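Here's the structure, in structure tokens; my notes come after.
The numbers here are math on the coordinates, done by the rules we state, and not lab data. The structure displayed is predicted, hence computed values, not measured ones. Virtual Cβ from ideal backbone geometry, glycine too; neighbours counted across all protein chains shown.
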Amino acid sequence: MEKFEVHGGKKLKGTLEIGSSKNACLPILACSVMCNGIVKIKNCATFSDVDDMQKILEGLGAKITYNDSDVIIDLRDICSCEVDEKYTKKIRSSIFMLGPLLARLKKAVVAYPGGCNIGNRPIDLHLKGLRGLGVKIIEKHGFIYCDGSDMKSSEIYLDFPSVGATENILMASVCLEGTTTIYNCAKEPEIEDLQNFINAMGGKVHGAGSSTITIDGVKNLHSVEYKPISDRIIAGTYLIACAMTGGDVELKNVNACHNFALISKLKQSGCQIDTYRDKIHIRTNGNIHSVGHIETQPYPGYPTDLQSQFLTLMTVSDGTCVIVENLFENRFNITSELHKMGADIKLVDRMAIVKGVSELNGAKLMSSDLRGGASLVIAGLRAKGYTTIENIYHIDRGYYHIENDLTLLGADIKRIVD
Ligand code: UD1
């Protein structure tokens with residue numbers, strides 16, 4: 001069991017380059033199955049979730065080699081349509097395999113991913129959309145059996161702009177004859193990146209990033225070399241960490257437009273932020289103003305993946321802030337941990353009322369989800385004394401050695417192996 005030990009009080013200072021996005025790499029890796037050739041992902045993210053997705057591909061017949069941070073995937077011998085249950089349980093994104101496997105083999109079998117630590121996470125929208133394309137789906141004994149032998153292009157309306165459902169339906173449609181239109185799509189930048197990846201392989205997808213996506217079917221996809229976008233959630237986490245410590249940090253390889261909602265809230269809380277073509281510079285003095293109210297929404301609204309981090313920032317603000325979580329019901333799990341540090345947070349349904357306190361105190365904490373875990377690290381960076389955070393495998397799912405990045409910026413944080 002590994003844990004972090006953080007000695008709070010150090011201001012973050014310096015420059016850091018942000019790597020590829022987990023939420024872009026996962027659907028892109030899944031989508032690579034649709035190519036009967038070789039896919040090279042440049043500067044692929046190296047988080048544990050991404051490793052697991054690569055193992056899923058290997059289980060389907062892909063051969064994977066590495067060249068520094070590039071991943072080279074030979075997909076010519078894809079032969080299985082069944083995703084190894086071991087990984088379905090481990091990473092929810094295994095559900096992304098439905099669309100690509102249906103496109104390549106007209107069949108897919110995936111174990112039901114179930115809920116996870118941040119909430120119930122149903123997949124009804126994925127299945128409804130695939131049924132709309134003519135896929136016959138049987139759900140039994142915890143497995144989803146998909147038969148795509150009668151698939152055809154169609155018009156699909158999503159009842160809610162789900163990121164994963166948009167991506168799955170989009171991928172399933174790429175090789176269908178005719179035109180498929182998906183309405184009320186999610187608009188996250190990672191979906192636009194998936195579109196760009198598919199088009200780089202010869203696909204004809206338009207409109208990603210808006211609420212309507214059209215897909216003109218192509219017969220097959222060719223080999224490609226592709227570099228995914230940078231991780232806006234990691235960038236956002238470090239911006240908030242900097243604000244928390246009163247630091248001065250420049251992030252490179254970032255697209256500020258992808259973090260507009262966060263940047264606007266950070267400015268409201270008193271941070272000075274300058275944005276450039278591929279850089280963000282944040283300067284803060286540690287005095288944090290309450291932003292009053294913040295509510296998670298689909299993109300371009302404030303992201304749920306940066307909610308726990310902002311809640312943590314608000315624990316040391318000069319006022320009261322109401323935070324509403326509209327997407328994942330268990331995102332407030334971290335509040336019991338923050339209480340141990342002296343934070344004043346009251347929960348009412350999907351709302352957290354956070355009253356700023358003058359300081360947090362170091363404590364022994366337990367991480368229970370990815371972004372919540374990173375938020376506890378942020379709390380530890382500000383707190384007086386030592387904070388230990390256990391169950392850090394949650395954090396490793398989406399941050400590659402977060403301690404190395406933070407140490408580079410001057411934090412006092414160590415990974416302890418018991
Ligand atoms: C993706 C991101 C995740 C992020 C989330 C919201 C990846 C790998 N993960 O997750 O980090 O937190 O977007 O920005 O990209 N829903 C249904 N039925 C469905 C699907 C979703 O009711 O079939 C609901 C969910 O419970 C949730 C909301 O829709 O309340 C949004 O979920 P969704 O956009 O699908 O998130 P994911 O794609 O799972």
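Worth pointing out:
- For the peptides 105-111, 121-127, 232-238, 307-313, residues were scored by their other Cβ atoms within 10 Å and the scores averaged per peptide; the highest-first order is 307-313, 232-238, 105-111, 121-127.
- Farthest toward positive dipole pole in the chain [+1 Lys/Arg, -1 Asp/Glu at C-beta], among 353, 376, 56: 353
- Computed from phi, the 3J(HN,Hα) profile of region 293-307 under the Karplus parametrisation 6.51, -1.76, 1.60 (θ = phi - 60°) reads 8, 8, 9, 6, 8, x, 4, x, x, 5, x, 4, 6, 10, 6 Hz, with x in place of Gly and Pro.
- Most to least packed among 355-364, 172-181 [average Cβ atoms within 10 Å]: 172-181, 355-364
- When only the Cβ of Lys, Arg, Asp and Glu is charged (+1, +1, -1, -1), the dipole of the chain relative to its Cα centre reaches about 220 debye.
- Between residue 55 and residue 204, the simple spin-label model (points 7 angstrom out along Cα→Cβ) gives 4.0 nm.
- Label zone at residue 297 (point 7 Å along Cα-to-Cβ), backbone N below 11 Å, region 244-268: 261
- Using the alpha-carbon positions of region 22-226, Rg (one decimal) and Dmax (whole number) come out as 15.2, 42 Å.
- The long axis of helix 163-173 is offset from the longest Cα principal axis of the chain by roughly 20 degrees.
- Sequence-ordered 3J(HN,Hα) estimates for region 368-383 from the Karplus curve with 6.51, -1.76 and 1.60 and θ = phi - 60° stand at 10, 7, 4, 6, x, x, 5, 5, 5, 4, 4, 4, x, 5, 8, 5 Hz, glycine and proline given as x.
- With R₀ fixed at 35 Å, the C-beta to C-beta distance from residue 149 to residue 66 puts the FRET efficiency at about 0.45.
- Counted over the chain, the DSSP beta bridges are approximately 70% antiparallel.
- Expressed as a fraction of 2.2 N^0.38 Å, the C-alpha radius of gyration for the chain is 0.98.
- Take the Cα of residue 42, step 7 Å toward its Cβ, do the same at residue 275, and the gap between the two points is 2.4 nm.
- Here's how it looks for residue 344: its modeled amide H is under 5 Å from those of 355, 357, which are all 5 or more places away or on a different chain.
- One Cα centroid belongs to region 1-55, the other to region 269-328; the line between them spans 23 Å.
- Length-normalised contact order for the chain - Cα pairs under 8 Å, 6+ apart - percent: 21
- For region 39-124: rounded, prolate or oblate by the Cα gyration tensor [a/c cutoff 1.5]: oblate
- Distant-in-sequence amide H partners of residue 223 (H built 1.01 Å from N, under 5 Å): 38
- Relative contact order [Cα under 8 Å, 6+ residues apart], region 22-226, whole percent: 20
- Computed E for residue 364/residue 136 - FRET, C-beta separation, R0 56 angstrom, nearest 0.05: 0.60
- Around the amide H of residue 156, modelled in the peptide plane, lie the amide H atoms of 181, 182, 183, all under 5 Å away and 5 or more residues distant in sequence or on another chain.
- Positive-end residue of 198, 69, 218, charge dipole of region 22-226 with Cβ unit charges: 218
- Pair residue 289, residue 322: separation of 7 Å Cα→Cβ label points (nm): 2.0
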